[in-house]
Each structure stands twice: as structure tokens, then as C-alpha cells.
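This report refers to the structure that appears directly beneath it.
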Amino acid sequence: MLARRIIPCLDCDLGVPGGRVVKGVEFKKIRYAGIPWKLAAKYYLDGADEIVFLDITASHDRRDTMVSVIKKTSQEVFVPLAVGGGIKSKEDVRDVFNAGADKITINTSALNHPDLITEISDLYGRQAVVVAIDAKRRYELEDCREIVQTPEGPCWFECSIFGGRKFTGVDAIAWAKKAEKLGAGEILLTSMDKDGTYDGFDIQLTKEVVHRIKIPVIASGGCANPAHILQVFQRTDVSAALAASIFHFGEYSIAEVKNYLSERGVNIRL
Amino acid sequence: MIAVIDYGMGNLFSIYNALVRVNASPEIVHEPDRIIGASGIVIPGVGAFGKCMEKLSRFEVALFDEFRNGTPILGICIGQQVLFQRSQESPGAKGLGWIAGEVVKLPEGVMIPQMGWNSLCIKRHAEILEGLADGDMFYFVHSYHCVPEDKSIIVATAEHGVEVAAAISKDNLSATQFHPEKSGKKGLKLLDNFVRSTRC
């Protein structure tokens, strides 16, 4: 039986040599958590099942920096590496795979060019394509939307792009189903309502997406402590939980979180 | 020198880096004559069965000679599958056929591809499993699995709707359905075991 995965996420500012891991996507009250490859190596030794790098640099010409970060990391880290943020073309994809990445994560470019999912999937295999969906609750119900019942009332979910700065009108659940058909191997599902709240994962959203597709789903957004991860694993069949800041600033180590989950009956790799 | 066969299907950095980490001297080889005299050979796993065999075919004669000479060979993922005669993934494509049997689709009702960490059930002692135990977890990514005619070559299985042949061993031939180079310390241990076998 497959173990549930714990995935630390490194939001990387690649505007400086070697890059730096930052907390939060908004460039306000920014906190630096460390050098990407060093933090990745620490998490690997601490038991991370996989590591996600997200390039949040607003400027261009940073692809070389991401390539060097991944090259360095893949010499030290022997679990799967996923890379996302600003990947637009098959050339971008080739560069990060050649540097040692196992998966790429695409959001904006997949919504703008859904064929990109199929193209990458055909070239590198379905397992290499993670479609990231940033979903926001909408309580104004419309026809042709996938409606979800929540304790706060019925709602649908809208996809956002550019790190939550722009909304697309696209139904997130319908998009997850379409992405699966197009060749996505996994969905990285972030709740924009929960992200940054430290209030726990969006259980209803996660549960609905997991039920409606067959490929694995990674829950993201809102995690502040091990109990939140336990909750999303107990209440949904989600394959993995992603978290960033709870690991970055030493609040919890990955080993602590995994022990906590294992003691409570979750199938975890220790 | 451990030859890692590059048959032009993408990322070999991970296996290269993992072999360096266990103090081996890997070389990514692009030409069949470079594997002659290697102390060990790794057939890595990327892509679909038919495509792999197409790319691997020019290595076939040299590989078979090394196999017959007793050079330790490790197949990983698709590199395990191509050792068999055929695969449902690519009907009509011929595998290396060193192991009698075929590669079949994972059963309905389980997540396909199997992607993630699964635990091993060790069936019998094998050199590559030295120091590893029942329940140790490894990273799998696959949609098809190997069914050898001779079940005794299966040294470890993993449960995913069916007993998947997770590791096989036959004379100088070893293979894993999982990716040891992506399986953390346990995976490095397995690679270390393989590298040791090339030094005997």
C-alpha cells in the first residue's frame, strides 16, 4: 500500500546568485529561510518524501539559476524533485529535467495552453507532469459549475493564476478533470482561501477533487501544524500534504511530523 | 567503471549522482563499445517499453555479451521490464528476452500509475537486498509490472492491487521496478550493494 507523502515546498527568489528561500508569495514582510539546495538537503536527511521548488521571482532570466539550484540539489538529495514557477515552453521543461528534476509543476502556462500538458506528458511520461491549481471559493452560484457543499454553504471554486493575483473564471474541479484527461500525472491543489491563514487545509475542496479524478492529489494551503496534516489524511484520500513555513523556521521538523502521523495510524515512510 | 546506458530518453543525472554518492565511478555511455569491460552496467528506466527497445536495440549485442560474461547488470524500472520478452504497453515490440515472461498492465481499481512510496515484502535473500528489511519503503512510478514464468527469481514484492515483482535477481542480473536512486538512504543502500557486487 502506498504511503502518504510529506512534501516541503521551497518558494525560491532566484534574483540572487544561488537563490534564496522566502516565506510567502507576496513581497511584503518577507522572511528568508535559507539557501535552496541546503534547505532541500536538510529536509531530505530529515525524511521528506519529495521536494517542490517554486520559482516566485518576478523578473526574467532566472532559468539558469533554477537549473544550477536543481543540479546542486540532485547531487545531495535522493528523493523526487519537482520544479515549478514560470515554466512556459518545452525548452524550459527540458532544461529542468536535464538538471535532475523528476517532475515539473505548471499552472498559468497549462491554463493558457492546455496542450502543453499533453506535449510534456507524451515526451517525459504522465508522472512527470504536475498541474498546480490555485482554487478560490465562490459563493455566487452559476449554472454549469461544479458545486461543493461546505459548512459555509454551497460554493464553486475558481482557478487563479500568477500566484493568486489574477482570476480566470475557470472552474477548478472541471479543470482538474480536464487536466487528468490531457495527461497530467498529479494535481497540486492549493486553497487560496486557506493559504496563509494557518487554519488547516480546505477539507471539502480536497475531498471533492480526490473523488472526481483518479490521479494523485497533493493538498496545499493552510497548514500550520501536524494536526492539520493528520486531519486532511483522515478525512480525505489525498495522497500527499505540502507545507512550507511550518518546516522553514524550525517550528516542526519533518521527522517530528512523520512520527506524529505514524503514531496515529497513518501509513508513512519513516 | 559502472556503465550507465544512455539511450537518449532523458534524465540520467539522478542515477549518476546516486552512484557517485556510494563511491562508484559511473560513466554515462552513449556507444555500445563503451560497455565492453565495464565492471557493472546499469540499464536505467525512462519512457515507454517500445520506444526504449527501439533506442536500446543498438546496445543489444554488446549487452548480451556482457550478460553472458557474468558482468553484474542492474535494470531499473523500464530497465527491469525490457529484460522480459514482451509488454502489453507496446504490443509487437520485442524485449531483450533474457527472462522468460511478460510485462502486464496494473489491475483496474488501483491508482495508475502507481506513484509513490511502497513497502517491500522480501521473499528470499539476495545480494542487492543486503541490509534491507521487510517494510522498507521505495519510490515507485509505473503503470505496468513484470510477470516472470519462474517466480523464484522474484526476491521482493510490493502490494499494489497485485503482488508487483519489485526486485528480481538471477545470476549476474538484478532489477528493480522501483527507483533506488530516488528512494533515499534505503535506495542508496541497494545501489551500494550492487556496486559491491561489481568489485568481486
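Readers should treat all values here as calculations from the given coordinates under stated rules, not as data from a laboratory. Note that this is a predicted model, so its numbers are computed, not measured. Glycine gets a Cβ as well: all are built from the backbone with ideal geometry, and neighbour counts include every protein chain shown.
In whole angstrom, note down how far apart the Cα centers of the range A:146-206 and the range B:19-49 are.
Their Cα centres are 43 Å away from one another.
Residue farthest toward the positive end of the dipole of the range A:5-263, with Cβ of Lys/Arg at +1 and Asp/Glu at -1: which of A:A135, A:I106, A:W175?
Checked the options; the winner is A:I106.
Taking H as built 1.01 Å from N, whose amide H comes closer than 5 Å to the amide H of A:F53, not counting residues under 5 places away?
The list, which skips near neighbours in sequence, is A:L10, A:A82, A:V83, A:G84.
Give me the Debye-computed log₁₀ of I(q)/I(0) at q = 0.08 Å⁻¹ for the protein assembly as shown, equal point scatterers on Cα only, no solvent, two decimals.
-0.45
Can you tally the net charge around A:I6? Count Lys and Arg as +1, Asp and Glu as -1, for every other residue whose Cβ sits under 9 Å from the Cβ of A:I6.
Numbers: positive: A:R4, A:R5, A:K258, A:R269; negative: A:D49, A:E50.
So the surrounding residues net to +2.
In nm, what is the difference between 0.36 nm times the number of residues separating B:R68 and B:Q88 and their Cα-Cα distance? Numbers along the way, then the final one.
Working: separation 20, 0.36 × 20 = 7.20 nm, distance 2.72 nm.
That works out to 4.5 nm of additional length.
Take A:V83, A:V232, A:V210 and order them by how many other Cβ atoms sit within 10 Å, fewest up front. Can you show the working numbers first?
Numbers: A:V83 30, A:V232 23, A:V210 20.
Taking fewest neighbouring Cβ atoms as first place, the list is A:V210, A:V232, A:V83.
In debye, nearest 20, what is the charge dipole magnitude of chain A about its Cα centre with +1 on Lys and Arg Cβ and -1 on Asp and Glu Cβ, if you could check?
Numbers: 35 positive and 36 negative charges, 77 e Å.
For this selection, approximately 380 debye.
Restricting to Cα pairs below 8 Å that are 6+ residues apart, what does the relative contact order work out to for the range A:60-195? Please round to a whole percent. Each step should come with its number before you reach the end.
Numbers: 218 pairs, mean separation 29.9, N = 136.
The value is 22 percent.
Add -39500 (n - 2.57) for each DSSP H run of 4 or more in chain B, then divide by its residues: what number comes out at 222 nm, to the nearest 500 deg cm²/dmol? Walk me through the numbers before you get to the answer.
Numbers: 5 runs with 45 residues, N = 200.
Result for chain B, helices only: -6500 deg cm²/dmol.
Between A:L123 and A:E263, how high is the FRET efficiency from 1/(1 + (r/R0)^6) when r is the Cβ-Cβ distance and R₀ = 41 Å? Nearest 0.05. Could the numbers behind the result be given before it?
Numbers: r = 42 Å, r/R0 = 1.03.
So the FRET efficiency works out to roughly 0.45.
Listing A:D134, B:D33 from the residue with the fewest other Cβ atoms within 10 Å to the one with the most, what is the order?
Working: A:D134 27, B:D33 9.
Result, fewest neighbours first: B:D33, A:D134.
Per residue, how much space in cubic angstrom lies within the convex hull of the C-alpha atoms of the range B:2-197?
Numbers: hull volume 19.8 nm³, N = 196.
That works out to 101 Å³ per residue.
Tabulate in residue order the Karplus-calculated ³J(HN,Hα) for the range A:166-177, using 6.51 cos²θ - 1.76 cosθ + 1.60 with θ = phi - 60°, rounded to whole Hz; enter x for Gly and Pro.
9, 9, 10, x, 7, 6, 5, 6, 4, 5, 4, 5
Compute, for the protein assembly as shown, the length of the dipole vector about the Cα centre, with Cβ point charges of +1 (Lys, Arg) and -1 (Asp, Glu) only. Units Debye, rounded to 20.
Details: 54 positive and 58 negative charges, 110 e Å.
Dipole about the Cα centre, nearest 20: 520 debye.
For chain A, how big is Rg over Rh, using alpha carbon atoms and the Kirkwood form of Rh? Mind showing how you got there, number by number?
Numbers: Rg = 17.3 Å, Rh = 18.5 Å.
Dividing the radius of gyration by the Kirkwood radius yields 0.94.
Helix-only mean residue ellipticity at 222 nm, chain A, DSSP H runs n ≥ 4 weighted -39,500 (n - 2.57), per residue, nearest 500. What is it?
Working: 10 runs with 93 residues, N = 270.
Taken over chain A, the calculation gives -10000 deg cm²/dmol.
Per residue of the range A:134-150, in order, report the coupling 6.51 cos²θ - 1.76 cosθ + 1.60 (Karplus, θ = phi - 60°) as ³J(HN,Hα) in whole Hz, putting x for Gly and Pro.
Once rounded to whole Hz, the list reads 9, 10, 10, 5, 10, 8, 7, 6, 10, 5, 6, 9, 7, 8, 10, 7, 10.
Can you list the HN-Hα couplings for the range A:199-206, worked out from phi with the Karplus curve (6.51, -1.76, 1.60; θ = phi - 60°), rounded to whole Hz and with x for Gly and Pro?
My calculation for the range A:199-206 gives 10, x, 5, 7, 5, 4, 4, 4 Hz in order.
Arranged by the count of other C-beta atoms within 10 angstrom, fewest first, what order do B:S14, B:S119, A:S262, B:S57 take?
B:S57, A:S262, B:S119, B:S14
I need the calculated FRET efficiency for the pair A:F167 and B:A133, taking r as the beta carbon distance and R₀ as 41 Å, to the nearest 0.05. Could you put the intermediate results ahead of the total?
Working: r = 50 Å, r/R0 = 1.23.
Taking R0 as 41 Å, the efficiency between A:F167 and B:A133 is 0.20.
Taking each residue of A:67-79 in turn, how many C-beta atoms of other protein chains fall within 10 Å of its C-beta, and what is the average? Can you show the working numbers first?
Values: counts 0, 0, 0, 1, 2, 0, 1, 7, 7, 2, 4, 16, 10.
The mean count of partner-chain Cβ atoms within 10 Å per residue comes to 4.
Just going by the charge dipole of the protein assembly as shown, with Lys and Arg at +1 and Asp and Glu at -1 on Cβ, which of A:V238, A:I56, B:C77 is farthest out on the positive end?
A:I56
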